[in-house]
1. Provide the net charge surrounding Ser337, with neighbours chosen by a C-beta distance below 13 Å and charges set as Lys +1, Arg +1, Asp -1, Glu -1.
2. By counting other Cβ atoms within 10 Å of each Cβ, how are Val203, Val276 ranked from fewest to most?
3. Counting other beta carbons within 10 Å of each Cβ, put Ser321, Ser159 in order, fewest first.
4. Return the FRET efficiency for the residue pair Thr251, Asp46: r is the Cβ-Cβ distance, R0 is 41 Å, and the value is rounded to the nearest 0.05.
5. Taking the stretch 273-313, which trypsin sites (Lys or Arg not before Pro) meet the DSSP loop condition and have no more than 16 other C-beta atoms within 10 Å?
6. Between Ser304 and Asn281, what length in nm is gained on full extension when 0.36 nm per residue of separation is reduced by their alpha carbon distance?
Amino acid sequence: MTANNQHINDIDELIIRVLQASASPEDVESLRWWISLDPENESYFDQSRNMWMAAKHDQSEDSYDADKAWTRLSTELEFQSDAENNNRKEKKHLYLSFWHVAAVILVAFGFGIATMLMMWRNSITKSQAVYTQHIVPYGSKSQIILPDGSKVWLNAGSSIKYSQDFNHHTREVILDGEGYFDVASNEKLPFWVKTYGVNIKVVGTAFNVKAYREEKNIVTTVERGQIRIYDVNRKELEEKEIVIEKKQQGTFLINNNKLPKTETTIAEAKTEVSDVKVIYNVPTELFTSWKDKRWIIEREELGSLAVKIERRYDVSITFSSEALKHYIFSGIIEDESLMQVLKIISLTAPITYKLDKKKLILNENKSLLEYPSK
């Protein structure tokens, strides 16, 4: 039995215990959490419960014919699956797995289970609405410690949120922007980072994720340990995972035509990973030092560096010449002010600058006739 099948069976048994009214409070909470992860999980439970309730009518007051119930339920499932397309085969297997077990152990139950389910569904609604959120505006950086002891550094223009359930039945955070994670190890409770394009699963490791919605890619850089990455639209996680090891970097190109709007929730986002690139032996400090006192920049075009400066110092940058965007800059920024950074860049780059409040204009310095080669 594969790990995926084992997971399916575990969920089936959990649902059955709840429907039998034999579930412990921990079982109910675990199922509540599983349903909250994905709208399809809730739909699966609703259909399972409805057919469970319907199967009750196949039994007499004194006896229960498991074969009869299984025949009826199998027929209903086959009818439903005929109306679905081929990419729903895995879900059909999920339903059949549930009812194969359920038809054997189905017993009569009364109003107690209905009351339990109503209370349980109400608790789902309440729990889903409670999140802790940290928002870091432009011009700032922040460090937070999660309830499990994991440390997170958030770059400017980023946010992170997690539910009140964090570190109980799940360790899941939703990231918008850039964050560096130093995750506390817990093999029994993997740590998940969800973004608009990919989901990242770890146990205990240190890595950086850059996932700004306005950019065309999501970049993950592993400094220690290992991470496993999945496309948010792919359900068969074990078959589609991409493993990124220490000193490696994964870049996921996002289909711009399907980028979600800013107000779209992660769960509703319909993005698509169009290409994946993995780089080995990456100097990780180039992608993680933004959080430190010494920001290391090596051979970066001013065009992309300007985006980082905009966020870091809360300014808007305009280039008077497109050629300036392709100039290569290398250096170390040690907690300097914006004016100090501009002076450092202008020592080697052919630029002059003009700052008016939060508007920065970069002009070509005519006195420098040659551009350094890349």
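1. Values: positive: Arg312, Lys343; negative: Asp314, Glu334, Asp335, Glu336.
Combined, the nearby Lys, Arg, Asp and Glu give -2.
2. Values: Val203 18, Val276 15.
The fewest-first ordering by Cβ neighbours comes to Val276, Val203.
3. Numbers: Ser321 13, Ser159 16.
In order of increasing Cβ crowding within 10 Å: Ser321, Ser159.
4. On the way: r = 38 Å, r/R0 = 0.94.
Once the sixth-power term is evaluated, E becomes 0.60.
5. Working: sites: Lys277, Lys291, Lys293, Arg294, Arg299, Lys308, Arg311, Arg312; in loops: Lys293.
Those satisfying the criteria are Lys293.
6. Values: separation 23, 0.36 × 23 = 8.28 nm, distance 2.22 nm.
Full-extension gain reported as 6.1 nm.
The numbers here are math on the coordinates, done by the rules we state, and not lab data. Fair warning: this is a prediction, and the values are worked out from it, not measured in the lab. Here Cβ is always computed from backbone atoms with ideal geometry, including for glycine, and neighbour counts include all displayed protein chains.
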